[in-house]
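The values are calculated or read from the model by the stated rules, or taken from the named source; none is laboratory data. Only a predicted model underlies this, so the values are computations on that prediction, with no experimental measurement involved. All Cβ positions, glycine included, derive from the backbone under ideal geometry; neighbour counts span all protein chains shown.
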Amino acid sequence: MSAHASHAPKRSGLWDWLTTVDHKKIAILYLIAGGLFFLVGGFEALLIRLQLMYPEASVVGAKTFNELITMHGTTMIFLAVMPVIFALMNAVVPLQIGARDVAFPFVNALSFWLFFFGGVLMNTSWFLGGAPDAGWTSYPTLALNQYSGHGVDFYVLGLQIAGLGTLIGGINFLVTIINMRAPGMTFMRMPMFTWSSFVTSGLILFAFPAITVGLVLLMFDRLFGGNFFNPDAGGNVVIWEHLFWIFGHPEVYILILPAFGVISEVVSTFSKKRLFGYSSMVFATALIGFLAFMVWAHHMFTTGLGAIANTLFGLATMLIAVPTGIKIFNWLLTMWGGQITFPTANLWAVSFIPTFTIGGMTGVMLAIPPANYQYHDSYFVVAHFHYVIVGGLVFGLFAGLYYWWPKMFGKMLNETLGKWNFWTFFIGFHLTFFPQHFLGLMGMPRRVFTYLKDQNLDVGNFISTIGVFGMTIGTILFLVNVAVTAKSSKRAPADPWDGRSLEWSIPSPPPEYNFAQTPLVRGLDAFWIEKMAGNKGMTPAEPLGDIHMPSPSFLPFLMSVGLFIAGYGFLYHNYVVVVIGLIVTFACMIARSVKDDPGYHIHEDEIEDKGVKA
Amino acid sequence: MATHHANAVLPDEPEKATLEGKNKILGFWLFLGGETVLFGSLFATFIALRDQVNGGPTGQELFELPLVASATLLLLTSSMTAVMATQALHKKNLKQIQVWLTITVLLGLGFLGLEIYEFTHYVHEGHKISSSAFGSAFYTLVGFHGGHVAFGILWIILLQVSATKKGLTVVTAPKFYLASLYWHFIDVVWVFIFTVVYLMGMIGGKVG
Amino acid sequence: MGAHAEEGVRKPKVKHDGPKRHVVAFIGSLVLTALAFVAVAYDVIPSGFTVPFIIVLAFVQALFQLFVWMHMDQKGHEFARISIFAGLFVILMVVIVFVLWVWI
């Protein structure tokens, strides 16, 4: 007991950030790193579209183009949007459930650094002989040594490292949500963003092992002479496709469910109405999560699985539209009769609804196996998934960022810049991707580095590229907004939006310990209930007392560096380096297990807002 | 701190006496759910590729049931002794925990020894990870399991050593409990390995 | 033996005393293992049935070990059960698909 009477270790600057285990700081780390990778992926997209702006252009050559499309997809999905999702989950979920941190703060930090180093490793390929060029789906036999360069090894190793981080992050949030809700917060009183995070974390837990296995098998084929995907020795490439998509399909629901959660929060707050049909929203989210695992072969209709397989998977896919439709109607009905205002967050959220619906609609079109034979590998598919990922997820992430920025940073993003950011990006987005539906229907294949003129593809491609300039300007405006906000001295109040859930009941940004006293939850929209009852804040569920916090640690950073080093060992077939890297990682694990973390106490008299809450 | 006798100060079921302990146990069960999918994917891949021997030896030609039966017996018994270690944990008797875990580790080492002997023998017979799709699938599935056994052994030894200094507390108790759960899980996986890989391999012929 | 396992599933126990259940599970596992090996080593079962037979034996043994040794039948293990069954469900689908739809 006396071992941990120490005060908060005073850390500052870079060392503070390298050793933090605080979910709020980890959220910011995820946001910055994810944001940087988003710029990298965006730049790759710009180059792709510049090359396709005119027929037979020579902005980049064919090999570079293949590297660009591979890295654009891989970076955007794994290194940009997923980290921003984790940023929001980290920033918001513990606050929404009335907790002081996640269940495993150390593991939380480890998740971040693993993602970071995995992403860095993958992107060093650009400077080390070429990026992976077999597509973000990396199908063998193209992805085997015989047909692709060293770059694919960076993909295989970088994703394994980053994927490990995501997997343990999923476990972390599951345990947090199950075990650490404030008293009175039953499952059916959790805010929708928390519910979405919960189901998403379940999807992560069961989907990521499949891709881990796939990547391991590909690694064995490429590095150790394995024959999983080598037809000459009895291997089977369809196995890769199955393993990849058994992961890949739940992955897209991992991407979109948090966005759905954001929309539920934002739309209801800015309609000044509780979410319509909460129970059916929860049910729909869970059903989507369940069905997510039963539809993967709709990415494989043309591989020759046969009519029975195609029918089963096609029907299951169309079924997912039902719970998704429930959600769309519930959002509309939430807005109906509400007092709607349109700060930037709500512009993003409301525009999500029709945009995602278009993407979902083309998804149902793709779900019909015979039609799929026509759409497959054409720009129709590219249009579909960008509508749902950009028009869906990215719009949702922007909404979430504008909404929760005050809570994370203590400042409100500038509304004027926000509106310019929104409109330029929104218009640019539709200009880019709407024509691509028709390009696909007119026969333009995907993943082609150029096309011949006078095939009716010129105008569509040209407009599509113009749209990218709009999105680029929009993105830059967002960055300008961030910078302007950072320099501004205007502080945000605890509850700028007249919110409904617990995160708005504490200061912006929250103190280190989040809640001076764990709140007592009396129902759904816990904070709103207290407001309607005339209370200024939440009723505490415990007396004021010393708060025990976990200690910061450098080990998560070091462990990730160890795997990073081992990754390079594998890349260059230097097994001494592999062993050194693994020893670093395992030594850190042993140190962590052997040396107990006593944490430190924040004493009662240091708790800032004592007296404000009874 | 009494480390050699039942510790009366320790609460019952000490592994769940703290929020940290409860979180760790839940987190570990979730991890095992993920491991189920991991091993399951390896199993599915093995089942799909088990007949692709590329002209090399088949399972039927390679596998020797007495060896597999011995390895199974060792691992199964080690899982039982791990149960006894958890019983000792609930009796708060560190010395007994140590005894049972030592036996568990020794049996586990025996299992690994047999497996290493087995693999070496197969390589001499021309069955390598690079010989065929069957070879790749076999060594990856069974090897990953063996890797898990090795990791478990190292983990248990580490816990045993650190417990001699720290004793049995509400902090160390969850660690013992988790290591035991892990050990049981890898025995459950082995049940499926000896069934699907070795026994079905001896029967030969296609599945389904 | 099957009834014993069912009883464990239907009535979650709060705590268990003593090693007796575990020793029973151990002996049960030994018997199930032996049965499987014998079924394969000697042609006691008609060959078409052998594979389903040993697979069923494997599942029964796995459930023994999960529910008895790993306390999955006890109160407080709801999410443990959900986790393992969800994993098994996913994997069941994967195995079925791999058996039916990998080779043409």
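A few remarks follow.
- Taking the conditions (1) closer than 20 Å to B:T86 by Cβ; (2) assigned to a helix (DSSP H, G or I); (3) more than 7 Å from chain B (Cβ to nearest Cβ) in turn, C:H71 satisfies each one other than (2).
- Within segment A:550-577, the set of residues being of a type in the set (A, V, I, L, M, F, W, C) and under 30 Å from the mean Cα position of the chain (by Cα) comprises A:F554, A:L555, A:F557, A:L558, A:M559, A:V561, A:L563, A:F564, A:I565, A:A566, A:F570, A:L571.
- Residues being more than 23 Å from A:F193 (Cβ to Cβ) and not in a loop (DSSP other than H, G, I, E, B) - total across segment A:530-557: 7
- Given (1) closer than 30 Å to C:V95 by Cα; (2) modelled with pLDDT under 95, number of the condition B:A8 does not satisfy: (1)
- Taking the criterion of being small (G, A, S) and surrounded by fewer than 24 Cβ atoms within 10 Å (Cβ to Cβ), the residues of segment A:247-289 that qualify are A:G248, A:S271, A:G277, A:S279, A:S280, A:A284, A:A286, A:G289.
- Residues of segment A:170-186 classified as more than 14 Å from chain B (Cβ to nearest Cβ) and either under 15 Å from the mean Cα position of the chain (by Cα) or free of Cβ contacts under 8 Å to residues at least 24 places away in the same chain (or both), total: 1
- The one condition in (1) in a helix (DSSP H, G or I); (2) more than 14 Å from chain B (Cβ to nearest Cβ); (3) more than 24 Å from the chain's Cα centre (by Cα); (4) not hydroxyl-bearing (S, T, Y) that A:D221 fails to fulfil: (2)
- Sole residue being in contact with a Lys or Arg (Cβ under 6 Å, 6 or more places away or on another chain) and of a type outside the set (S, T, N, Q), chosen from A:I97, A:I85, A:I77: A:I97
- Candidates C:F64, C:F53, C:F37, filtered to the one that is more than 8 Å from every other protein chain (Cβ to nearest Cβ), under 18 Å from B:L76 (Cβ atoms) and out of contact with any Asp or Glu (no Cβ under 9 Å at 6 or more places or on another chain): C:F64
- Evaluation of B:A179 against the conditions (1) within 13 Å of chain A (Cβ to nearest Cβ); (2) buried (at least 21 other Cβ atoms within 10 Å of the Cβ); (3) farther than 24 Å from B:V53 by Cα; (4) touching a Ser or Thr at 6+ places or on another chain (Cβ under 8 Å) shows that the sole unmet condition is (4).
- Flag if B:T172 is buried (at least 17 other Cβ atoms within 10 Å of the Cβ), within 9 Å of chain A (Cβ to nearest Cβ) and at pLDDT below 95: yes
- In segment B:121-138, residue nearest to the other protein chains (Cβ to nearest Cβ) [restricted to those that are of a type in the set (S, T, Y) and part of a helix (DSSP H, G or I)]: B:S136
- Condition check for B:I153: crowded, with 18+ Cβ neighbours inside 10 Å and either in contact (Cβ under 8 Å) with a residue 12 or more places away in the chain or not aromatic (F, W, Y) (or both): yes
- Condition met for A:F527 (assigned to a helix (DSSP H, G or I), more than 14 Å from chain B (Cβ to nearest Cβ), of a type in the set (F, W, Y) and out of contact with any Cys (no Cβ under 7 Å at 6 or more places or on another chain)): yes
- Unmet criterion (only one of (1) in contact (Cβ under 8 Å) with a residue 40 or more places away in the chain; (2) exposed (fewer than 15 other Cβ atoms within 10 Å of the Cβ)) for A:P540: (2)
- Taking the numbered list (1) at the interface with chain B (Cβ under 8 Å from one of its Cβ atoms); (2) over 27 Å from B:M84 (Cβ atoms); (3) not in a helix (DSSP H, G or I) in turn, C:V95 passes all entries but (3).
- Test: residue in segment A:523-532 that is surrounded by fewer than 17 Cβ atoms within 10 Å (Cβ to Cβ) and in contact with a strand residue (DSSP E or B) (Cβ under 9 Å, 6 or more places away or on another chain): no
- Number of the condition not met by C:M70 [criteria: (1) modelled with pLDDT of 90 or more; (2) more than 30 Å from A:A297 (Cβ to Cβ)]: (1)
- When residues in segment A:265-279 are screened for being under 24 Å from the mean Cα position of the chain (by Cα), outside any loop (DSSP other than H, G, I, E, B) and not charged (D, E, K, R), 5 of them pass.
- Unique match (being in contact with a Leu (Cβ under 9 Å, 6 or more places away or on another chain), more than 20 Å from B:F31 (Cα to Cα), modelled with pLDDT of 95 or more and away from chain A (no Cβ under 11 Å)) among B:V197, B:V149: B:V197
- Of note, B:I203 does not satisfy the criterion of being under 30 Å from B:L89 (Cβ atoms) and either surrounded by fewer than 19 Cβ atoms within 10 Å (Cβ to Cβ) or out of contact with any Gly (no Cβ under 6 Å at 6 or more places or on another chain) (or both).
Here's the yes/no breakdown for (1) within 14 Å of chain A (Cβ to nearest Cβ); (2) buried (at least 21 other Cβ atoms within 10 Å of the Cβ); (3) free of Cβ contacts under 8 Å to residues at least 60 places away in the same chain:
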| position | (1), (2), (3) |
| --- | --- |
| B:G34 | yes, yes, yes |
| B:A44 | yes, yes, yes |
| B:G55 | yes, no, no |
| B:G59 | yes, no, no |
| B:L67 | no, no, yes |
| B:M80 | no, yes, yes |
| B:A85 | no, yes, no |
| B:L89 | no, yes, no |
| B:F111 | no, yes, yes |
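- The residues in segment C:20-51 that are surrounded by fewer than 12 Cβ atoms within 10 Å (Cβ to Cβ) and basic (K, R) can be counted, and the count is 1.
- There is no residue in segment A:586-593 that is of a type in the set (D, E, K, R) and in a loop (DSSP other than H, G, I, E, B).
- The residues of segment A:224-236 that are within 7 Å of another protein chain (Cβ to nearest Cβ) and in a helix (DSSP H, G or I), listed by number, are A:F224, A:A233.
- Scanning segment B:33-55 for residues that are of a type in the set (S, T, Y) and either over 17 Å from the mean Cα position of the chain (by Cα) or assigned to a loop (DSSP other than H, G, I, E, B) (or both) turns up at least one hit.
- Counted residues, segment A:569-590 - those being buried (at least 17 other Cβ atoms within 10 Å of the Cβ) and within 19 Å of A:F115 (Cβ to Cβ): 6
- One residue alone among A:I328, A:I320 is without any contact (Cβ under 8 Å) to a residue 40 or more places away in the chain and closer than 27 Å to A:P94 by Cα, and that residue is A:I328.
- Among (1) over 13 Å from the mean Cα position of the chain (by Cα); (2) hydrophobic (A, V, I, L, M, F, W, C); (3) at pLDDT 85 or above - the single one C:I45 does not satisfy: (3)
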